[in-house]
């Protein structure tokens, strides 16, 4: 243990740690998919802004999705943020405080981005400012993502926390940590890739515009190719001991990493062949494996300071079961609402 | 102490939480109430087949979505972010304790979000029935979110049984859960109406607009009775001690209460413009005024609720400084920094005092205070304090005003924090030596003579108090104004001496240089304000001056004068706390001087308030309460009790402290419910002063052996006795006074944290100036006291039993006549000149012993007597003669 004295005492947990980690990862997956979609679509729209005559016409509905995705992405961040705090909260709070000044700006900026996305949607084809509003969305998401990368990096490196004693005003960022930049770029390129797929899916299910579907897959291919390079950069930027864990030292981690790379390569192949559904499935599989990689990375980096099995379990099974029941009811109600909203309305409108 | 502290000195993280939280709750209550508003209004539009109303609903949904889902939703996450930065440990406790409750809340939230999105985006395409179903789902899930959050928020204020059981259900369904839920539901409906105005007022068509505004006004007014009833229910569900602490003692809450009441009244009054006919312009302006009032209303309410929790963040479990209550004792014993994970300094040393203080400030103060920042600026709050004042503040912090957490840590750590604030922030010196080192100027007295062969009379005259203290800060306040009291008896010598009461006159006159006290004090300028009586310069309350006649006091059967306004200031700038008066007994008919003597008027302004409250001695840098000190005192009083004494004094209306606080010695009845002056002063300061022995007494009483008065100067002091042997140590003394206050609320508060040597249950209550230590408590039967004798708790039973009022067995001679003034009993040892207090013993006997001691009955009786007629055990040798030789 390199810096045991700075690690706060964790609280007891109320369910087995595996359940909590599973829930965190599950909701994070949904969250990151939505965020990637927002950013990816926004970048694509910005890139293509007004370059064809029918740009506004065909993309109007797509622009409408951005604020809706925002609502859902923020919502899905909540359980992910909740469950990460239950397991890693004592680390996350510390790293958040270390960069408090930058961290707290996430909230007002998110509000601005959210409103900008509405502005962009409402004025999409009416105002030249719509483009700037969308650019603002992208810039803010960049900022937020960069801060999250910094925060999680710092959270995983308690050995660097003593920097607090030289800067206590919440401005400690691990900017000289090599992995921060590829990790951030890894998110950006993933977003463009997901955006590309979403672009294709959108046109497949709304207008069946073949060239647009292909265009989306092309974007996916380029972005994923860059993603592979950035991914290796990210891997190489890690401390050697950690890096080797993914390269044979840890069998499970290596297997997952290998699977992830395989799914990625396969998805590129399918994208090049124009197989949208196959690519989408492989993309999802890639994301699942990358999520596990991400978790493994956290555990490897924290291995000298903290193990999730140190947490004392004082179960609250009764509340947990009630949560599951309410979740089921909630899902039922969501299904009902989706059915109401998206089924062909046969009722006569009164 | 478990987490790092975000060192935001200008805008502390607590303020950040407050800003985010108030904005969020304003919107979130609207989000809940608005759900029902939308559903019921939409239902109304369907039932009435009213397309205009439906169009209004659609418009309102869009506004609602933009406000609640975007701002409300993200600011909710903002609270989470900010509390994790401000109070990470408490956040962690809440997250872990309620993890699945939060998760349940999230389920309601996702249902809410999806319902709202569908309601908005599919408004036109859904059938009425399905649309209303969606609206109902939104309304119910939004209210269920409130249900969940309410359980967690109320838990923080009233964790109830959870503290013992640690059961989640006890935590959630805590004592204020239900009333708070009803109250907040009322707020939600009220805010639904409030925000309804916003969209209604922008309806272009006048009839519809007026209808809508009236409709929204109903949403505002209908919940009012529920709000009132549940508000009181909520308030009285909070345990009494919390209410007293935070709604009575914490004056900061008063602002929130006033704002809450003010905005409630205005809100409901202004809303009338939507019920009666008014122009659109007025309506538009009115809406935004109402929104602002609603914002201040909810802000005030949440402020009160937050403050009600003080000094805890989770009541009874974790202090607002993020220190667990259960750790307090250990940290006080073993040291706070030692266990503070994120403190660079683990042990306070001389060389790291300020740095250690900074660590302590960050860990124990910064969550509520800023440094020259926007809220609770510590520099402003500690402006009038010295280093000792700061230490005293920290020592007493959280005891009387228990909305603040106590300082947690060792004495050394307390000193470090005080040093950081006083030296590090104020730049003041912390090594000031406040110990007195005054050199009294010896002024020999010319003793009057007595011829035992020829003199027919003995005149005994004395000051009734051993030390008359004067505040001399009359521009600001007074609790002791000039006015010494003299008494005298004239004895006609003989075998059977006679106390002469008729046909004689006793005159007195002060020594030179003291005749015009008004030159040295502002008392006469402010006397009318202070005493409600205009006084002639140099005359006291009973119109006596520095030269005059003692009146015959029939009740006491002696001559007396009260209110002689002598000061310890000589015109030439000399501080002289023992001015000499001449006294003459004159035969009225012949004008013949029957006897002449001198007496001392012990008088002092040595109140060393400046040692804590800053400033310098007022008079020639020697003594007295300076303007700076007095102002600081008034400001503290105002801050702690909500008075406006400082402002009034600035307007030329100084306060007589006893106008509120009853005081026997100045014949003031005070205000009912207030503690007596003495009980208040001792009770308050005992909670703060870290000293409990004579060092504490000497800060306020002119008793320091190196001070400029040295009032405890009699034989008892010479034998090594201090204040505490008779009066008790500070906490005991204060407790005895507080116990006599018939259980006033403030007396109980002042008493609860005292730590007297004697158990409280064994301390006898005493009224100040009436129940004093009884001499016979030690000198049982007038005998030599036991070695361990103490007079504490052995009080005189009534005023006439006080030493200064008591008489001998013949009921003719007061004890004080022969033994001298209290604290100056013969032989007394006055540093301003030997035998200064013993003038009459020296005059009549040549030795400074009590009149008649060592068998000198002849002074009055002309012959030696055999019987102990005045009191038992009087015919004996003086026991402590060796003190006279030192």
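Observations, loosely collected:
- Top-ranked residue in segment A:26-61 [being surrounded by fewer than 18 Cβ atoms within 10 Å (Cβ to Cβ) and under 30 Å from residue A:96 (Cβ atoms); ranked as farthest from the other protein chains (Cβ to nearest Cβ)]: A:29
- Restricted to helices (runs of 4 or more DSSP H) entirely inside segment B:120-216, those with at least 3 residues that are within 20 Å of residue B:76 (Cβ to Cβ) are B:128-157, B:177-201.
- Test for residue A:72: is it assigned to a helix (DSSP H, G or I), within 12 Å of another protein chain (Cβ to nearest Cβ) and out of contact with any strand residue (DSSP E or B) (no Cβ under 6 Å at 6 or more places or on another chain): yes
- Selection over segment A:91-117 of residues that are over 20 Å from the mean Cα position of the chain (by Cα), surrounded by fewer than 23 Cβ atoms within 10 Å (Cβ to Cβ) and at the interface with another protein chain (Cβ under 7 Å from one of its Cβ atoms) gives a count of 1.
- From the list A:124, A:88, the lone residue that is touching a residue at least 24 places away in the same chain (Cβ under 8 Å), within 14 Å of chain B (Cβ to nearest Cβ) and either crowded, with 21+ Cβ neighbours inside 10 Å or not in a helix (DSSP H, G or I) (or both) is A:88.
- Taken together, B:654, B:617 contain a single residue that is free of Cβ contacts under 8 Å to residues at least 60 places away in the same chain, surrounded by 18 or more Cβ atoms within 10 Å (Cβ to Cβ) and touching a strand residue (DSSP E or B) at 6+ places or on another chain (Cβ under 6 Å), which is B:617.
- For segment B:474-487, the criterion of being at pLDDT 95 or above, under 30 Å from residue B:845 (Cβ atoms) and in contact with a helix residue (DSSP H, G or I) (Cβ under 8 Å, 6 or more places away or on another chain) is met by at least one residue.
- Residues of segment B:91-113 classified as in a helix (DSSP H, G or I), more than 7 Å from chain A (Cβ to nearest Cβ) and more than 37 Å from the chain's Cα centre (by Cα), total: 4
- Residue match in segment A:245-253 (condition: over 30 Å from residue A:195 (Cβ atoms), in a helix (DSSP H, G or I), free of Cβ contacts under 8 Å to residues at least 40 places away in the same chain and facing chain B (nearest Cβ under 10 Å)): no
- Total residues in segment B:27-52 satisfying the condition of being touching a residue at least 40 places away in the same chain (Cβ under 8 Å), more than 19 Å from residue B:105 (Cα to Cα) and more than 10 Å from every other protein chain (Cβ to nearest Cβ): the figure is 7.
- From the options A:42, A:63, A:5, A:94, residue that is free of Cβ contacts under 8 Å to residues at least 12 places away in the same chain and in a helix (DSSP H, G or I): A:5
- Residues located in segment B:302-330, provided they are in contact with a helix residue (DSSP H, G or I) (Cβ under 6 Å, 6 or more places away or on another chain) and either in a helix (DSSP H, G or I) or closer than 18 Å to residue B:410 by Cα (or both): B:302, B:303, B:304, B:307, B:308, B:321, B:322
- Counted residues, segment B:601-625 - those being in contact with a helix residue (DSSP H, G or I) (Cβ under 8 Å, 6 or more places away or on another chain), assigned to a strand (DSSP E or B) and modelled with pLDDT under 95: 2
- In the set (1) at pLDDT below 95; (2) touching a helix residue (DSSP H, G or I) at 6+ places or on another chain (Cβ under 6 Å), residue B:392 fails one condition alone, (1).
- Yes/no for residue A:170 being within 25 Å of residue A:5 (Cα to Cα) and in contact (Cβ under 8 Å) with a residue 40 or more places away in the chain: yes
- Members of segment B:332-370 found to be in a loop (DSSP other than H, G, I, E, B) and within 12 Å of chain A (Cβ to nearest Cβ), listed by number: B:340, B:341, B:342, B:343, B:344, B:345, B:346, B:366
- The set of residues from segment B:114-130 being crowded, with 23+ Cβ neighbours inside 10 Å and either within 54 Å of the chain's Cα centre (by Cα) or more than 9 Å from chain A (Cβ to nearest Cβ) (or both) comprises B:116, B:119.
- Residue check, residue A:14 more than 20 Å from the chain's Cα centre (by Cα), within 14 Å of chain B (Cβ to nearest Cβ) and either more than 22 Å from residue A:296 (Cβ to Cβ) or in contact (Cβ under 8 Å) with a residue 12 or more places away in the chain (or both): yes
- For segment B:57-75, the set of residues classified as without any contact (Cβ under 8 Å) to a residue 12 or more places away in the chain and out of contact with any helix residue (DSSP H, G or I) (no Cβ under 6 Å at 6 or more places or on another chain) consists of B:66 only.
- Matching residues, segment B:76-90, being more than 7 Å from chain A (Cβ to nearest Cβ) and either touching a helix residue (DSSP H, G or I) at 6+ places or on another chain (Cβ under 7 Å) or touching a residue at least 40 places away in the same chain (Cβ under 8 Å) (or both): B:76, B:79, B:83, B:86, B:87, B:89, B:90
- Only one of B:70, B:17 that is more than 7 Å from chain A (Cβ to nearest Cβ) and either part of a helix (DSSP H, G or I) or modelled with pLDDT of 95 or more (or both): B:17
- Residue match in segment A:130-143 (condition: over 30 Å from residue B:66 (Cα atoms), within 14 Å of another protein chain (Cβ to nearest Cβ) and in contact (Cβ under 8 Å) with a residue 24 or more places away in the chain): no
The values are calculated or read from the model by the stated rules, or taken from the named source; none is laboratory data. Please read all numbers here as calculations on a predicted model, not as lab measurements. Heads up, the Cβs are rebuilt from the backbone with ideal geometry, glycines too, and the neighbour counts pull from every protein chain shown.
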